[in-house]
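**Q** Supplied in structure tokens, the structure appears directly below.
The values are calculated or read from the model by the stated rules, or taken from the named source; none is laboratory data. Keep in mind that this is a model prediction, so the values were computed, not measured. Note that we place each Cβ from the backbone using ideal geometry, even for glycine, and neighbour counts take in every protein chain shown.
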Amino acid sequence: MIVFDQLKKNDVQLQLLALVFCLGLAVLLIGLWWVQIVNASAHQESVETQAFRSVRIPAVRGKILDRNGVSLAENRPNYNIHLYLEELSPAFRKEYQRIRPRAVITNDLPFWKDWLGFPTVTTQYTKLSIDNLMRVQRQARYNAAASVIRRIGDVLQTPLTLDYTNFTRHYDAQRALPYTVASNISMAQMARFEERGINSLGVDLEAQPSRAYPLGSTAAHVLGYVRSDDSSAPNELAYFSYRMPDYRGVVGIEGGFDSQLRGVAGAKSVQVNSLGYRQSETIWEAAESGRNVVLTLDVRIQKAAEQSIQKFLGNNARAAIVVMHVETGDVLAMASSPTFDPNAFIRKFTPDELARWKSEELGVQKNRATREHYQAGSIFKTIVALAALEKGLNPLEEFTVDRNPNNPAKGIYNGVRPPVKDTAPPGKYDLERAIVRSSNSYFITNGLRPGVFDKVVELGARLHLGERIGLPLLQETPGNFPRAGNQRSWNPRFKANICIGQGEMDVTPMQMAVMTCALANGGKVLKPRLVDRLESQDHTGFEPPEVFPKGVVRDHLGVSKRNLDIVRHAMLAETEDVAENATGRNVRIDGLRICGKTGTAERDERRADGQFKNTVWFVSYAPFERPQWAVVVMVEDGQSGGATCAPIARDVYLALQQMSRAATNTLATTR
Amino acid sequence: MTPLALKDTSPRVDRLQIVALLGLMVVGVLFIFSATMVSDSAAAQPLVKQLWFRQLVWLGAGLSAAIALCLVDYHTLARWAEPAYWLNILLLIAVLFLGTVRGGARRWFDLGFFSLQPSEFAKLAVILALASFLSRPAEELRLPGNFWRAIGMLLLPFALIAKEPDLGSAAVLLPTGFTMMFVAGVPRKYIFRSLGLVGALVILLIVDVLFAPPIWQPIKLKEYQRQRLLVYFGRDFAPANATPEQKRAARQLQQEKTYQSKQALISVGSGGFWGKGWREGKQTSLGFLPPGAAHTDFIFSVIAEEKGFVGSATVIALYAVVLFTGLRIAGQARDRLGKVLAVGVVTLLFSHVFINIGMNIRLMPVKGIPLPLLSYGGSSVIASLIALGLLQNVHIYRKGY
């Protein structure tokens, strides 16, 4: 080896020394090899963990629009003032130097120091224990930040204060993120901020989207609501050092289409220095915006439906309306009352709103069109009539209703014990009169004829009663309906109740809308369509919208056209037969012939005056000649279908008429 | 003799060593630049305040001093060894009273533009004085009295430097002094006995610090020194009978104390094979490697992070060249004075390199010892260059004309 050769051959000491040096340097090289090559990745990981923080970036939530593009749910920029802590760190240090405790010490100097002119009085910083040191530093940071915030407050002309605990918590846990000084500032404040250019203080204006429902409570139950959420959605990075919260839809479309609306959150990495302050940012994965949901609702009809409930019954009415297109199954309106303002979940609830939201009695949270089921009452007689006709009932055959001995003006059905009261007067009835006067005796007697009840159960199954429709609202109840196969438990009393829409059956207003459409469109049982399409938020995107098919037929009633026509005419008479004092006459409008059926179902509960509470209904469709729309109105605890529901339905038909006229006019002008 | 005959076939200076030294100086300035110019505010400082430039100034001053020393034969210099030694002892005493305190230690004279660290120069003076003392006839070296005088020459500055306290700087005196005695021909039994004594003392001290209860510690180390030792041996700060509260406080303190050496290790390790590139080191720019130490005692971490294993091996290779050419100079020296002087300088250099790099990769406990010619620091740079000038001096005057 060159090193040793150059040394004198006999110089043992120097050779030994050279050997020691060789060994020493070899040890260092081996150590370096161990640290830098063998364990390099572990150390590189340490750098990653101490110098980088991952931050979740929420995606922009999709809008919810009505069929004409009217926005029902959207994002509004909320302007917040953010304080960047890393820019404040010199101010923190300066303030710390200022408030650091110090003591003035008078030294008894040795003579030579005195002679050399050393000062006898010096000021020294007091040595602090770790806990005290931390406390003083916290206070210094708070003071420095608070003074900046006061200055911002002066510029904005609003007094701003800094919450000590809040600020300290943010500093300890989220130092790499800016601190929100003021949120949701007004346009005027924004202008002042921009004008004064105080960005040099380490503050900046940030726009943060917040969910907004521009039409307030309109279609609230369809839209649902969102809550602030910071859990990871599937297919996201499971761990983030910091996650910016976004919204999670709870119910309604917000809930049912949450993942589509929400999009996919992105991630960025923030490089921090040894003090934990932000140095730079890199976006790893950009957020993928959520998609817009375009509903089949028409805001005009929706509003008309909601306003008519309010007009006739007030804010606390417990009612529901469903408006459906009889051919396509498009839901044009779905109203549920009492309603709420979904904006309350973004801002705060007022105490009043909160009390309403929590009230058991009002049940504001429930979408009554789908979430609640009710006894159908007389509106189900349309189906019993169809079943009887299919089994050979002659619609013109006369049937006599017996007189009720306790109430001579009304009829009675004596076929079961106890007898069933009839709201219709005693006398002779054919099918049409039985429908118009809603005779219980007539339909029980005919319903109990051989084979008819089984047909009723079959039609119910074809209408999918007792089953969920599968609406994307996360608020749906299946209701109840007898199923074929359980015949043994069906006694005459049970059957008699079903024949008049009571007893062991419950339906939702939505299910009744499907039934009404089937009566109107020749027997097609449609799948209601609430969402027209999902489309990307930026219209320049190449992503084609995802359109849901129209007029999906789930089933056919499988009844003859003749029999349907008989029921259709009877339903027309229900609104137009003046001689018979038609129960549905309150719905009548000039220029629109409406078929309808009223219903009043007794509930088990009694009102204060001792009467049974009634669930009242009005199912209808129009125009008679070429049916287009089905309107179902349900009111809990109402007077009667004709008196309570028909006027409400009338308002809805007026709006539909207007809409259709507007459409023809547009067509005419565009031609 | 004709002027032509003066031209020896072998060069007057050791060129290979000079090249290696220049390489180290360039690397030093480059990485001081990288370690200190991390923010805009650092770049906005006037040039004279920028540390890489100041380092250039110190290098210039040191080189001038070294060249000046090379003009005088080391035999002449050796005559001034004793006055230089006592002058330095005086300075070491003075600094204990007049020095400025930084980080709990009184090591510097604040001269305004320059902080003079007398211990750096004292090391040099000790080498020169000891070499001159050991150059006496071989028979005299065998006398125990002379051996003890040599030990005394070593222990006086050792004690003064340790008092500052600067145990690291003091510690390098011991291997340097013993190696010089060994090479000079002091009987081995003396050396081995005293080495055994020192070794036993060191072991006792360490065992004492690590295991004995505080009242049992006859040698009072400064608290931070005790903590460094505990950190190095990975032991808990808190005594076994501490309350949970004390233990929590002790653990926090320990984390803080371990911080520097942990970050140095992360810096070195994360460099990998090729490193992250000059001025690309995250550990430095983000301040994880303490900004006060990155360009001084931990400059090696900066080099290792930014240039990887390749860079650190290069640095070690450069030092190896300096060390082995130094040994060659010792071997070729014309007399015992030159040989012992050269060995002293080389051993001092080796001790610094081994302890400093060792501390960067946690082979050694953290000590405030600079890496010669790479670490920033006027005293260290000038003293190192003077020492290397002495080495070249031994080489230049090896022929004895």
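Okay, residues lined up against (1) more than 7 Å from chain A (Cβ to nearest Cβ); (2) outside any loop (DSSP other than H, G, I, E, B); (3) of a type in the set (Phe, Trp, Tyr):
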position	(1), (2), (3)
B:Arg334	yes, no, no
B:Leu337	yes, yes, no
B:Val345	yes, yes, no
B:Gly358	no, yes, no
B:Leu363	no, no, no
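**Q** Among A:Phe92, A:Phe52, which is the only one that is within 11 Å of chain B (Cβ to nearest Cβ) and in contact (Cβ under 8 Å) with a residue 12 or more places away in the chain? It would help to see each step written out before you state the result.
**A** Working: A:Phe92 fails: within 11 Å of chain B (Cβ to nearest Cβ).
Step by step, each of A:Phe92, A:Phe52 is checked, and only A:Phe52 is within 11 Å of chain B (Cβ to nearest Cβ) and in contact (Cβ under 8 Å) with a residue 12 or more places away in the chain.
Quick grid of which residues meet (1) of a type in the set (Lys, Arg); (2) within 16 Å of A:Ala513 (Cβ to Cβ); (3) free of Cβ contacts under 8 Å to residues at least 12 places away in the same chain:
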{"position": "A:Leu275", "(1), (2), (3)": "no, no, no"}
{"position": "A:Ser280", "(1), (2), (3)": "no, no, yes"}
{"position": "A:Ala287", "(1), (2), (3)": "no, no, no"}
{"position": "A:Thr328", "(1), (2), (3)": "no, yes, no"}
{"position": "A:Pro338", "(1), (2), (3)": "no, no, no"}
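**Q** Scan (1) modelled with pLDDT of 85 or more; (2) assigned to a helix (DSSP H, G or I); (3) surrounded by fewer than 17 Cβ atoms within 10 Å (Cβ to Cβ) for the single condition B:Arg136 breaks and write down its number.
**A** (2)
**Q** Kindly list the number of the only condition in (1) of a type outside the set (A, V, I, L, M); (2) within 29 Å of A:Leu223 (Cα to Cα); (3) crowded, with 18+ Cβ neighbours inside 10 Å that fails for A:Phe240.
**A** Here A:Phe240 meets the rest and fails (2).
**Q** Could I ask something else about it? Quick one: which of B:Leu116, B:Leu143, B:Leu92, B:Leu128 is closer than 20 Å to B:Gly338 by Cα, among the hydrophobic types (A, V, I, L, M, F, W, C) and at pLDDT 85 or above? Spell out the reasoning first.
**A** Details: B:Leu116 fails: closer than 20 Å to B:Gly338 by Cα; B:Leu143 fails: closer than 20 Å to B:Gly338 by Cα; B:Leu92 fails: closer than 20 Å to B:Gly338 by Cα.
Just one listed residue meets the conditions, B:Leu128.
**Q** Would you point out the residue of the range B:300-318, among those that are crowded, with 24+ Cβ neighbours inside 10 Å, within 30 Å of B:Val394 (Cα to Cα) and more than 7 Å from chain A (Cβ to nearest Cβ), that is farthest from the chain's Cα centre (by Cα)?
**A** Checking each candidate, the answer is B:Val315.
Yes/no matrix, rows are residues, columns are (1) surrounded by 18 or more Cβ atoms within 10 Å (Cβ to Cβ); (2) over 16 Å from the mean Cα position of the chain (by Cα); (3) in contact (Cβ under 8 Å) with a residue 12 or more places away in the chain; (4) within 14 Å of another protein chain (Cβ to nearest Cβ):
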site: B:Asp166; (1), (2), (3), (4): yes, no, yes, no
site: B:Leu174; (1), (2), (3), (4): no, no, yes, no
site: B:Ala184; (1), (2), (3), (4): yes, yes, yes, yes
site: B:Phe192; (1), (2), (3), (4): no, yes, no, yes
site: B:Leu195; (1), (2), (3), (4): no, yes, yes, yes
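**Q** Just one of (1) within 9 Å of chain A (Cβ to nearest Cβ); (2) in a loop (DSSP other than H, G, I, E, B); (3) charged (D, E, K, R) trips up B:Lys262, so point out which.
**A** Every listed condition holds for B:Lys262 apart from (2).
**Q** Within the range B:139-148, count every residue that is surrounded by 12 or more Cβ atoms within 10 Å (Cβ to Cβ) and assigned to a helix (DSSP H, G or I). So that I can check it myself, show each step before the final result.
**A** In the first step, residues of the range B:139-148 are kept if they are surrounded by 12 or more Cβ atoms within 10 Å (Cβ to Cβ); the result is B:141-143, B:146-148.
This time we only want the ones that are assigned to a helix (DSSP H, G or I), so: B:141, B:146-148.
Number of matching residues: 4.
**Q** Right, here's the next one. Pull up the range A:213-227, narrow it to residues that are under 12 Å from the mean Cα position of the chain (by Cα) and either modelled with pLDDT under 90 or more than 18 Å from A:Arg371 (Cα to Cα) (or both), then point me to the one that is surrounded by the fewest Cβ atoms within 10 Å (Cβ to Cβ). Write out each step before concluding.
**A** Residues of the range A:213-227 that are under 12 Å from the mean Cα position of the chain (by Cα), as a first pass: A:213, A:219-227.
Still in the list and also either modelled with pLDDT under 90 or more than 18 Å from A:Arg371 (Cα to Cα) (or both): A:213, A:226-227.
Details: A:Tyr213: 24, A:Val226: 25, A:Arg227: 13.
Among residues in the range A:213-227 that are under 12 Å from the mean Cα position of the chain (by Cα) and either modelled with pLDDT under 90 or more than 18 Å from A:Arg371 (Cα to Cα) (or both), the one surrounded by the fewest Cβ atoms within 10 Å (Cβ to Cβ) is A:Arg227.
**Q** Next up: Would you check which residues across the range A:290-316 are crowded, with 19+ Cβ neighbours inside 10 Å and of a type in the set (Gly, Ala, Ser) and list them?
**A** Within the range A:290-316, A:Gly290, A:Ala304, A:Ala305, A:Ser308 qualify.
**Q** Whether any residue in the range B:228-237 is at pLDDT below 65 and either within 19 Å of B:Met359 (Cα to Cα) or in a loop (DSSP other than H, G, I, E, B) (or both) is what I want to check. Give the steps one after another, and end with the answer.
**A** Within the range B:228-237, the first condition is being at pLDDT below 65, and the residues that meet it are none.
No, every residue in the range B:228-237 fails to be at pLDDT below 65 and either within 19 Å of B:Met359 (Cα to Cα) or in a loop (DSSP other than H, G, I, E, B) (or both).
**Q** Within the range A:124-140, can one find any residue that is away from chain B (no Cβ under 14 Å) and part of a loop (DSSP other than H, G, I, E, B)?
**A** Yes, the range A:124-140 has at least one match.
**Q** Here's something else I'd like to know. Of everything in the range A:62-99, what is on the phi > 0 side of the Ramachandran plot and touching a helix residue (DSSP H, G or I) at 6+ places or on another chain (Cβ under 9 Å)? Give them in sequence order.
**A** Filtering the range A:62-99 down to residues on the phi > 0 side of the Ramachandran plot leaves A:69.
Within the range A:62-99, no residue meets the criteria.
A quick yes/no check of all residues on (1) part of a helix (DSSP H, G or I); (2) modelled with pLDDT of 80 or more:
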| position | (1), (2) |
| --- | --- |
| B:Ser194 | yes, yes |
| B:Val209 | yes, no |
| B:Asn241 | no, no |
| B:Ala250 | yes, no |
| B:Val268 | yes, yes |
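**Q** How many residues, within the range B:276-305, are touching a residue at least 12 places away in the same chain (Cβ under 8 Å), part of a helix (DSSP H, G or I) and either of a type in the set (Val, Ile, Thr) or over 21 Å from B:Leu363 (Cβ atoms) (or both)? Steps first, please.
**A** Pass one, the range B:276-305, residues touching a residue at least 12 places away in the same chain (Cβ under 8 Å): B:276-285, B:287-291, B:293-305.
With part of a helix (DSSP H, G or I) added as a condition, the list becomes B:282-285, B:291, B:293-294, B:299-305.
Applying the additional criterion that residues be either of a type in the set (Val, Ile, Thr) or over 21 Å from B:Leu363 (Cβ atoms) (or both) yields B:282, B:284-285, B:291, B:299, B:302-303.
Residues flagged as touching a residue at least 12 places away in the same chain (Cβ under 8 Å), part of a helix (DSSP H, G or I) and either of a type in the set (Val, Ile, Thr) or over 21 Å from B:Leu363 (Cβ atoms) (or both) within the range B:276-305 amount to 7.
**Q** Here's a follow-up. Is it the case that some residue within the range A:16-31 is under 54 Å from the mean Cα position of the chain (by Cα), at pLDDT 80 or above, farther than 30 Å from A:Thr218 by Cβ and more than 9 Å from chain B (Cβ to nearest Cβ)?
**A** Going residue by residue through the range A:16-31, those that are under 54 Å from the mean Cα position of the chain (by Cα) are none.
Scanning the range A:16-31 turns up no residue that is under 54 Å from the mean Cα position of the chain (by Cα), at pLDDT 80 or above, farther than 30 Å from A:Thr218 by Cβ and more than 9 Å from chain B (Cβ to nearest Cβ).
**Q** B:Ala383: within 10 Å of chain A (Cβ to nearest Cβ) and either buried (at least 23 other Cβ atoms within 10 Å of the Cβ) or within 10 Å of the chain's Cα centre (by Cα) (or both), yes or no? Steps first, answer last, please.
**A** Values: within 10 Å of chain A (Cβ to nearest Cβ): no; either buried (at least 23 other Cβ atoms within 10 Å of the Cβ) or within 10 Å of the chain's Cα centre (by Cα) (or both): yes.
In short, no.
**Q** Still on this structure, please answer the following. Which one of these is modelled with pLDDT under 95, in a loop (DSSP other than H, G, I, E, B) and crowded, with 22+ Cβ neighbours inside 10 Å: A:Gly485, A:Gly501? Walk me through how you get there before you give the answer.
**A** On the way: A:Gly485 fails: crowded, with 22+ Cβ neighbours inside 10 Å.
Just a single option satisfies the conditions, and that option is A:Gly501.
**Q** I would also like to ask the following. Could you please let me know if A:Ile469 is part of a loop (DSSP other than H, G, I, E, B) and hydrophobic (A, V, I, L, M, F, W, C)?
**A** Working: part of a loop (DSSP other than H, G, I, E, B): yes; hydrophobic (A, V, I, L, M, F, W, C): yes.
Criteria met by A:Ile469.
**Q** Also, I was wondering about something else. Quick one: is B:Phe324 facing another protein chain (nearest Cβ under 8 Å), under 27 Å from B:Gly234 (Cβ atoms) and crowded, with 21+ Cβ neighbours inside 10 Å?
**A** Details: facing another protein chain (nearest Cβ under 8 Å): yes; under 27 Å from B:Gly234 (Cβ atoms): no; crowded, with 21+ Cβ neighbours inside 10 Å: yes.
In short, no.
**Q** Of B:Gly344, B:Gly358, B:Gly377, which residue is surrounded by fewer than 22 Cβ atoms within 10 Å (Cβ to Cβ) and either hydroxyl-bearing (Ser, Thr, Tyr) or under 13 Å from the mean Cα position of the chain (by Cα) (or both)? Walk me through it before giving the result.
**A** Numbers: B:Gly344 fails: surrounded by fewer than 22 Cβ atoms within 10 Å (Cβ to Cβ); B:Gly377 fails: surrounded by fewer than 22 Cβ atoms within 10 Å (Cβ to Cβ).
Going through B:Gly344, B:Gly358, B:Gly377 in turn, just one is surrounded by fewer than 22 Cβ atoms within 10 Å (Cβ to Cβ) and either hydroxyl-bearing (Ser, Thr, Tyr) or under 13 Å from the mean Cα position of the chain (by Cα) (or both): B:Gly358.
**Q** Could you please find all residues in the range A:574-584 being touching a residue at least 24 places away in the same chain (Cβ under 8 Å) and surrounded by fewer than 19 Cβ atoms within 10 Å (Cβ to Cβ)?
**A** A:Glu580
**Q** Also, I was wondering about something else. So, restricting to helices (runs of 4 or more DSSP H) that lie completely within the range A:219-333, which ones have at least 1 residues that are of a type outside the set (Lys, Arg) and over 19 Å from A:Pro528 (Cβ atoms)?
**A** Details: elements: A:220-223, A:252-256, A:258-262, A:299-313.
Passing ranges, in order: A:258-262, A:299-313.
**Q** Being over 16 Å from A:Thr516 (Cβ atoms) and assigned to a strand (DSSP E or B) is the filter here; which residues of the range A:617-647 pass it? Don't jump to the end; show me each part of the working.
**A** As a first pass, look at the range A:617-647 and keep what is over 16 Å from A:Thr516 (Cβ atoms): A:625, A:635-640, A:642-644, A:647.
Scanning the range A:617-647 gives A:Val635, A:Glu636.
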